[in-house]
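Below is one structure, written out as structure tokens; comments come after it.
The values are calculated or read from the model by the stated rules, or taken from the named source; none is laboratory data. Keep in mind that what you see is a predicted model, and the values were worked out from it rather than measured. Ideal geometry is used to build each Cβ from the backbone, glycine not excepted, and the neighbour counts take in all protein chains shown.
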Amino acid sequence: MEQDRSSQSRPPHVLVFPLPIQGHINSMIKLAELLAIAGFKLTFLNSHHNHERLVKFNNIAAHFERYSGFQFKTITDGLPLDHPRSGNWFLDMFEDTMEPKMKESLREVLVNSSPPVDCIIADGFLGFALDVAKELGIPIIFFRTSSPCCFWVYYSIPDIIQAGELPINGSEDMDRLITTVPGMETYLRCRDLPTFCRKLDIEDSIMKLVVKQTRKSLQADALILNTAEELDGPILSQIRTKCSRVYAVGPLHAQLNTRINAKHGESYDHFSNTLWEVDKSCMFWLNKQPNRSVIYVSFGSITSTSREQLVELWYGLLNSKTKFLLVVRPNSVIGKDGEGEDVVMELMEKSKDRGYIVNWAPQEAVLNHPAIGGFFTHNGWNSTLESVVAGVPMICWPQFADQHVNCRVVSEVWKIGLDMKDVCDSKIVEKMVNDVMVDRKEEFAKSASEIAKEEIKMVQWRPIHLKRSKAETRTRR
Ligand code: UDX
């Protein structure tokens, strides 16, 4: 990574501002650390709630004190501290409750910052950051934590509506191809669109919010995405028809690992940046399992499952020929009065010899453990990239947002997984687990390891350039 110091004597001061959700913090804190390694002065703007959890469950102070110019600042996310922040809270609360308070707090931090902030890198979902940046004359880059494919679908929604391909009427064949998203005409089906596109109402407020934020992302000085040209080249070319300054800087976790390993060696204890307490006991359990014999099952940081879904998944796993490591986050099973917790305890007891259940796993380490042969995932973009880089084939069970599109790309474009969207049936779970882990094991392992090799090669080769010319600096200020 290189920086242009010619225009000033102190290192440029970058403020990194993620959406207050685990999946967004994960990649943005990695981007921030990469910039700190390159010598930038860095302010990471976290929500009070998430920062409290980061401090509680991670060695954050010790980790970041090695970067003399790195600091954390915290602001409100607009919600009371005791709000559970679980389930479908986010999109419902965002515009009316969270956005106004976060906007005001961001402005305050920027106005009072010393040294002044030279550039903001804000989560692309925080469109209001562009208004604040313009008002204060600070250059701004948007960073989208979701996949480029999904970004492109979100961008194209007005065109899909205009072409009459949306709304999807209730009795419709969900396998119908959507033909108005350039570059995806041959594989994107109705069922691969984000779930809010399934509503009959094309004025749906969540759809409108997502389209608004996506189109606004292209008005920033630049857009950066957590991917690589080699992985998402064709879609990046499509996005560049709308905005010339689009940079692919990922996969960020691999970029960071490569640089840290080069500096400190492979045994270095990486910063986990998680908002839950990591249960490392599963690594000891994995150590006792044969190579590629275990399927890892985890659905990220915000997805919830119903009690019935969890039981169905569990029976499918149990009836398959494979051992499993299952993550069930606290409060993530929806059931009446503690029923969710009860079902987890019951499953744990019944599957002691076949599976291991934890509240939160050290996911990157798990995916890179030799005992892991497959990943049953919701296809959040971080999880998808982590699986790609680790060379682990996937069973895709997407729930919302970018996950449906990611699932289609994994199964149909990269061909490194199976698509289980819209289904939760123990028989199908069993069949898919057997396919990936037993019957078609070599086929999937080969395709996943080929893509992983490409990824690793390119992470080693490619420096990240973040340069701005003097002329650009002057015109923005
Ligand atoms: C959200 C959205 O759901 C996702 O679609 C979007 O792309 C990013 O924001 P999330 O659902 O949490 O994120 O999924 P994901 O992007 O996969 O991020 C989860 C992160 O938590 C991963 O980096 C994963 O390594 C980590 N994780 C998950 C753990 O460290 N331990 C666990 O047990 C589970």
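Quick notes on this one:
- Boolean, residue 248 is at pLDDT 95 or above and either loosely packed, with under 13 Cβ neighbours inside 10 Å or out of contact with any Asp or Glu (no Cβ under 9 Å at 6 or more places or on another chain) (or both): no
- The criterion of at least 2 residues that are within 22 Å of the chain's Cα centre (by Cα), crowded, with 23+ Cβ neighbours inside 10 Å and not aromatic (Phe, Trp, Tyr) is met, among strands (runs of 3 or more DSSP E) falling completely within region 5-78, by 13-17, 41-47.
- Of all residues in region 376-384, none satisfies being at pLDDT below 95, among the small types (Gly, Ala, Ser) and either within 16 Å of the ligand (Cβ to nearest atom) or buried (at least 20 other Cβ atoms within 10 Å of the Cβ) (or both).
- Candidates 410, 388: the one that is surrounded by 24 or more Cβ atoms within 10 Å (Cβ to Cβ), modelled with pLDDT of 95 or more and either touching a Gly at 6+ places or on another chain (Cβ under 6 Å) or not assigned by TED's automatic domain parsing to the domain that holds residue 430 (or both) is 410.
- Across region 387-416, the number of residues qualifying as in contact with a strand residue (DSSP E or B) (Cβ under 9 Å, 6 or more places away or on another chain), free of Cβ contacts under 8 Å to residues at least 60 places away in the same chain and away from the ligand (no atom under 14 Å from the Cβ) comes to 3.
- If the condition is being surrounded by fewer than 17 Cβ atoms within 10 Å (Cβ to Cβ), in a loop (DSSP other than H, G, I, E, B) and touching a residue at least 24 places away in the same chain (Cβ under 8 Å), then region 191-217 contributes 199, 200, 201, 202.
- Residue check, residue 387 among the polar types (S, T, N, Q), assigned to a helix (DSSP H, G or I) and in contact with a Ser or Thr (Cβ under 6 Å, 6 or more places away or on another chain): no
- Residue list for region 145-179, restricted to those being in contact (Cβ under 8 Å) with a residue 40 or more places away in the chain, within 17 Å of residue 408 (Cβ to Cβ) and surrounded by 15 or more Cβ atoms within 10 Å (Cβ to Cβ): 146, 147, 148, 149, 150, 151, 152, 153, 154, 155, 157
- Yes/no for residue 141 being in contact with a Cys (Cβ under 7 Å, 6 or more places away or on another chain), assigned to a helix (DSSP H, G or I) and either surrounded by fewer than 18 Cβ atoms within 10 Å (Cβ to Cβ) or of a type outside the set (S, T, N, Q) (or both): no
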